[in-house]
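The structure under discussion appears below in the form of structure tokens.
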Amino acid sequence: MKKIALVTGASRGLGKEIALALSSKFKVGIHYFQSKERGEEILKRIVDNGGEGELIWGDLGSDEGVRNFVLNVREGLGDPDILINNFGPIIFKDLFEIEKEDWIYMFQTNLLTPYILIREFLPTMIERKWGRIINIGFSESCKPKAFKEIVPYSISKIALLILTLSVAKTLKNSGVTCNMISPYILEEGIPPKKGKKVKKIPFEKITSLVLSLCEERAWNLNGRNFIIKD
């Protein structure tokens, strides 16, 4: 029986590409929120290529929404062997135009949601003595620095890195690993500084790393942050 991979934010962009890549080896849970149509298109591509998948709706912007999403995952897919915390929206605002609600939303979606999903699904991975958790970060948030427009996002991603390392430290000899991939601007991404030309990272560079980390031989890669800048 195929192992199960759950990808959040899988209806477009990097999440979509990760879901498609993982479908070559695993049954994939495709999380979507606003566009069921996009999710159905991805599922059709997976099935047409001989893979297996399941569409799972979820509002990951609140604790209640995440709890309901967990129930949907267990009902439609079962507890995953692989958890890809890809969903992570960004808000562009000047520092002193940021509202309290912006801070709350950034920390909910980029930190608390991954934490809750890890807390819910990790026990089953440990029981199975196999699991992979991969959090998607941001290369420029791997050490403290100043930003003008993406301060809450960047702080939440630094916090996600700390969470990744902290979870990894609990997993020694468990068969489960927890790592982070921190790319710079992806091929469909918006540079933090508008108008600045940057070399964007192709999705394939990230998806190939995800696949590598999900292999059996990657059992000893734990607590790593893979920074991808070119």
- Inside the range 128-142, can you point out the residues that are in a helix (DSSP H, G or I) and of a type in the set (Lys, Arg)? 128
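Go through the range 4-92 and tell me which strands (runs of 3 or more DSSP E), entirely inside it, have 3 or more residues that are of a type outside the set (Val, Ile, Thr).
So the answer is 27-32, 53-57.
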- Message: Given the criterion touching a residue at least 12 places away in the same chain (Cβ under 8 Å), surrounded by fewer than 16 Cβ atoms within 10 Å (Cβ to Cβ), within 14 Å of residue 120 (Cα to Cα) and not polar (S, T, N, Q), identify the matching residue among 45, 67, 74.
- Response: 67
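Quick grid of which residues meet (1) surrounded by 18 or more Cβ atoms within 10 Å (Cβ to Cβ); (2) modelled with pLDDT under 95; (3) among the charged types (D, E, K, R):
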residue	(1), (2), (3)
142	no, yes, no
147	no, yes, no
159	yes, no, no
162	no, no, no
165	no, no, no
168	yes, no, no
171	yes, no, no
181	yes, no, no
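Would you confirm whether or not the range 118-127 contains a residue that is of a type in the set (S, T, N, Q), farther than 18 Å from residue 177 by Cβ and either without any contact (Cβ under 8 Å) to a residue 40 or more places away in the chain or not in a loop (DSSP other than H, G, I, E, B) (or both)? So that I can check it myself, show each step before the final result.
Keep residues of the range 118-127 that are of a type in the set (S, T, N, Q), which gives 124.
Subsequent filtering for residues that are farther than 18 Å from residue 177 by Cβ retains none.
No, there is no match, as no residue in the range 118-127 is of a type in the set (S, T, N, Q), farther than 18 Å from residue 177 by Cβ and either without any contact (Cβ under 8 Å) to a residue 40 or more places away in the chain or not in a loop (DSSP other than H, G, I, E, B) (or both).
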- Listed by first then second residue, the pairs whose first member lies in the range 14-39 and is surrounded by fewer than 21 Cβ atoms within 10 Å (Cβ to Cβ), whose partner is hydroxyl-bearing (Ser, Thr, Tyr), with beta carbons under 9 Å and at least 6 positions apart or on separate chains, are 33/11; 34/11; 35/11; 36/11; 37/11; 38/11; 38/32
- Message: Given (1) more than 19 Å from residue 10 (Cβ to Cβ); (2) over 19 Å from the mean Cα position of the chain (by Cα), identify the lone condition not met by residue 141.
- Response: (2)
- Item | Subset of the range 187-201 [closer than 21 Å to residue 85 by Cβ and modelled with pLDDT of 80 or more] | 201
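The values are calculated or read from the model by the stated rules, or taken from the named source; none is laboratory data. The structure presented is a predicted model; accordingly, all values stated were derived computationally and were not measured. In this analysis, Cβ positions are derived from the backbone assuming ideal geometry, glycine residues included, and neighbour counts consider all displayed protein chains.
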